[in-house]
Every structure is written in structure tokens, then in C-alpha cells.
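Participant: Below are the C-alpha cells for one structure; questions will follow.
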Amino acid sequence: MLVLDIGGTKVAAARWVDGRLQDRRQWPMPITPEAWRQTLALMATTYPGVSWVAAAVTGLTDGRVWSAVNQQLISFWDGYALADALTQAWRCPSVLLNDAQAAAWGEFVAGERQPANLLFITLSTGVGGGLVLDGQLRSGSRGLAGHIGHVGSGLAPLDGDTRCGCGRLNCLEALASGTALARQATHLLGRPLDAESVFAGWHAGEAVCSRLLERAAQAVAQALGDAHVLLDLDEVRLGGSVGLAPGMIDAIKQAQQALPARCRVAVSPACLGADAGLIGMGHWASGRPGAP
Ligand code: ADP
Ligand code: BMX
Ligand code: ZN
């Protein structure tokens, strides 16, 4: 089986052999339909002889067709028959699942501990979430379950750009995603910055970057508090390049101190690191009817 993790910034791929990843590779996520078709063709040549393709993908999926929650993340794909495109590229069956839901399943099945009620949250291009409740992956009948990036954070982004690409105001994703950090810093400092530079500025003591990251951490802590009072979680695992960047988890834990003890859920870095989505997809797809 071939497993893919298609995010807003990168596409990761690996063969899934005997419950492990083999030959893992990564490409930038294309930003035009033509570039996507080229990347797909390149991946098909890189991994010949595949009998099943299982893709964890940012956005909503009914298992066959892809659509966006945040219309700004991959604008050219809305309504795209992604599973058919994968089937055509490899001439084999394919399945799809949301990326954060796949990662949540990976963390539950293959992490060091198996808490029955687990939230995986990724701070990455967007902010995604996946829920395992009573030991079962909760996708929801529309694939929407766990989309914590689109809960209202109660805080406004510092650049005044309050409307998220999903249509709501002041979403967590509009404050704490890599895209949001870069957007706010670029506006406030008047020069282009990416999320990596915002972290570098923070560690160098730059005031605007520190304020942005502390506010992002505060928004994450609030959203985790909301999820915890709603679901009584045993644990939260944090992933994504922003979530796993040095200092982020400590800033979130620090922000949790402002909440009443009952609203503070234990947060730890994803046991599977950046591979949670790929590994989760391997385990999840292996359990599907007809899987090799
Ligand atoms: P994807 O969203 O495709 O799953 P990532 O988890 O790598 O990919 O998240 C991409 C986001 O993380 C981008 O906004 C990028 O600028 C940011 N990012 C990547 N590396 C770092 C880093 N070392 N520190 C902070 N932010 C990072
Ligand atoms: C967005 C949404 C989620 C996704 C999350 C993290 C889209 C295209 N995606 O909230 O489905 O899980 O981003 O995605 O609407 P990533 O690209 O940052 O990994
Ligand atoms: Zn939103």
C-alpha cells in the first residue's frame, strides 16, 4: 500500500509495509491544477507497483471527493474527485480521510499510550483536529468532526483580518496557523515574514513576534479548554510544523495556567512527530474492507 499525507504546504508519501513506513519522500504542495497533475505523475513514477493508495488530506472528504473548509487553503481543488485521480494515477483502489483525523488515529494506535479519549491538534498551514472518542475515530457523517481550527477563539487577529477562509470570524486558524502567523507579522512589521521567521524573532526577543506567538498560544489554550469541557478528554497530542516548533508547546502550557484547573487538559507533542498522518493512514486503511 502507498500512504500519502497531503497538506496545505507539503505532500508526504511512503510505502506501508508490515505496519511501517518505507521509502518516505516529500514534495511541496502545488498551487495550480497543472502543477498538481505534474506532482501526481511524478509520485506515480516514483512509487510503481502500488496495489492500494490511502491519502490523508487537508480538508473535507466523503471518502471520494474533496472540498475545503477554509476556501483559501487550496482554492483550486474545491469539488475535486481526488480519489478517482489517485486511482487513475496508480491504476488501483484508493481511499481518503482528513489529515488530522488520520493523525489522531495514528497517535491512538501507534503512540506510546492509548488514552480512550484523545484529541490530536495540528498547527500547520491551517489548524486541524482529529478525535478518538471511547477508542473510536470520530469522523462525523460529513467528515467535519474535530475541525477545531474553526472554533471561535474569542480573540481577534492582530492585523484586523478577522474573517477566516471558512466564513466565520476570529477562528483559531486565523490566529494560530503558520499562515496566520506569517500574515499578521507581515502586516505588523511591514515586510514579508514566514512562520519560521516569526519563531526566530520570538526567540531573539522581538516584541511583535513574541506578542503574536503568545496570543496564538492563548487562543490554542482556550480552544483546548472548550474541547475538554465538551468532551472530557484524556489527552491532547500536538503536531504540525508550528505545533512542534521549539517553544510552542511550553507557551500553550503556560497559557493554560490562566484557565481553571478543570479546563486544563494534558498536552504532549505527537508521539509520531511529523509522520502521525502517514502512519495513521496506514493503520486506518489496513482495516478497510478489501485492503491488502
Ligand atoms: P502541512 O500544513 O502541509 O501539513 P506543515 O505541518 O509543515 O505542513 O506546516 C506548514 C506551516 O508550518 C507553514 O506555515 C510553514 O511556514 C510552517 N513551518 C514550517 N517549518 C517551521 C518551523 N521550523 N518553525 C515554525 N513554522 C514552521
Ligand atoms: C483546515 C482544513 C482542515 C485541515 C486543517 C489542517 C481545509 C483545506 N483544511 O482547517 O481540514 O485538517 O486545515 O490542514 O479546509 P494542514 O494543511 O495545515 O495540514
Ligand atoms: Zn474558520
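Participant: Rounded to the nearest percent, how much of the accessible area of the chain (1.4 Å probe, protein heavy atoms only) is carbon and sulfur?
Facilitator: Values: 6480 of 12570 Å².
The nonpolar share, carbon plus sulfur, comes to 52 percent.
Participant: Once the cut-off is 22 Å, how many percent of the Cα-Cα pairs in region 113-270 end up in the long-distance tail? Please list the in-between numbers first.
Facilitator: On the way: 4576 of 12403 pairs.
Counting every Cα pair in region 113-270, those more than 22 Å apart make up 37 percent.
Participant: Return the distance in nm (one decimal) between the two label points of a simple spin-label model at A200 and Q88, each offset 7 Å from Cα along Cα→Cβ.
Facilitator: About 4.1 nm separates the two model spin labels.
Participant: With a/c under 1.5 counting as rounded, go ahead and sort region 41-164 into rounded, prolate or oblate using the C-alpha gyration tensor (a ≥ b ≥ c being the square roots of the eigenvalues; past the cut-off, prolate if a/b is larger than b/c, else oblate). Walk me through the intermediate numbers first.
Facilitator: On the way: a/c = 2.18, a/b = 1.28, b/c = 1.70.
The shape class here is oblate.
Participant: With +1 on each Lys and Arg Cβ and -1 on each Asp and Glu Cβ, and nothing else charged, work out how big the dipole of region 113-270 is about its Cα centre, in Debye to the nearest 20.
Facilitator: Values: 13 positive and 13 negative charges, 39 e Å.
Computed about the Cα centre, the dipole is about 180 debye.
Participant: From the helices alone, meaning DSSP H stretches of at least four residues, give me the mean residue ellipticity at 222 nm for the chain, per-run term -39500 (n - 2.57), in deg cm²/dmol to the nearest 500.
Facilitator: Working: 9 runs with 105 residues, N = 292.
The helix contribution divided over the chain gives -11000 deg cm²/dmol.
Participant: Please express the shape of region 207-292 as an equivalent ellipsoid: the semi-axes are the square roots of 5 times the eigenvalues of the C-alpha gyration tensor, given largest first in whole angstrom.
Facilitator: Working: eigenvalues 172, 61, 16 Å².
Here the semi-axes work out to 29, 17, 9 Å.
Participant: Hey, another quick one. By how many degrees, between 0 and 90 and to the nearest 10, does the Cα long axis of helix 276-286 differ from the longest principal axis of the chain?
Facilitator: The angle comes out near 40 degrees.
Participant: Out of every Cα pair in the chain, what percent are spaced more than 30 Å from each other? List each step's numbers first, then the result.
Facilitator: Values: 11798 of 42486 pairs.
Taking all Cα-Cα pairs of the chain, the fraction more than 30 Å apart is 28 percent.
Participant: I would also like to ask the following. For every other residue with a beta carbon closer than 14 angstrom to the beta carbon of G160, add +1 if it is Lys or Arg and -1 if Asp or Glu, then tell me the sum.
Facilitator: Working: positive: R163, R183, R215; negative: D159, D161.
Within the 14 Å Cβ shell, the charges total +1.
Participant: Give the relative contact order (percent, whole number) for region 113-270; include only Cα pairs under 8 Å separated by 6+ residues. Working shown, then result.
Facilitator: Values: 290 pairs, mean separation 38.0, N = 158.
It comes to 24 percent, rounded to a whole number.
Participant: Here's another thing I want to ask about it. Quick one: net charge of V57's neighbours, Cβ under 14 Å, K/R +1, D/E -1?
Facilitator: Details: positive: K10, R64; negative: D5, D62, D78, D84, D99.
So the environment of V57 carries a net charge of -3.
Participant: How do 229-238, 28-37 rank on mean C-beta neighbours within 10 Å, highest first?
Facilitator: Result, highest mean Cβ count within 10 Å first: 229-238, 28-37.
Participant: Roughly what angle does helix 178-189 make with the longest principal axis of the chain, taking Cα atoms, 0 to 90 degrees, to the nearest 10?
Facilitator: For 178-189 against the chain, the angle is about 40 degrees.
Participant: Roughly what angle does helix 99-110 make with the longest principal axis of the chain, taking Cα atoms, 0 to 90 degrees, to the nearest 10?
Facilitator: With both axes taken from Cα atoms, the answer is about 80 degrees.
Participant: Quick one: order F76, F120 from most to least accessible surface, probe 1.4 Å. It would help to have the intermediate numbers written out before the result.
Facilitator: On the way: F76 55, F120 10 Å².
Heavy-atom accessible area, descending, gives F76, F120.
Participant: Per residue, how much accessible surface does region 113-270 expose to a 1.4 Å probe? Answer in Å², no decimals. Mind dumping the intermediate values first?
Facilitator: Numbers: 6840 Å² over 158 residues.
Here the per-residue accessible area is 43 Å².
The values are calculated or read from the model by the stated rules, or taken from the named source; none is laboratory data. These numbers come from a predicted model, not from an experiment. All Cβ positions, even for glycine, are placed from backbone atoms using ideal geometry, and neighbour counts span all protein chains on display. Just so you know, the surface numbers come from the protein's heavy atoms only, side chains and all, with ligands and any DNA or RNA stripped out. Shrake-Rupley method; radii C 1.70, N 1.55, O 1.52, S 1.80 Å.
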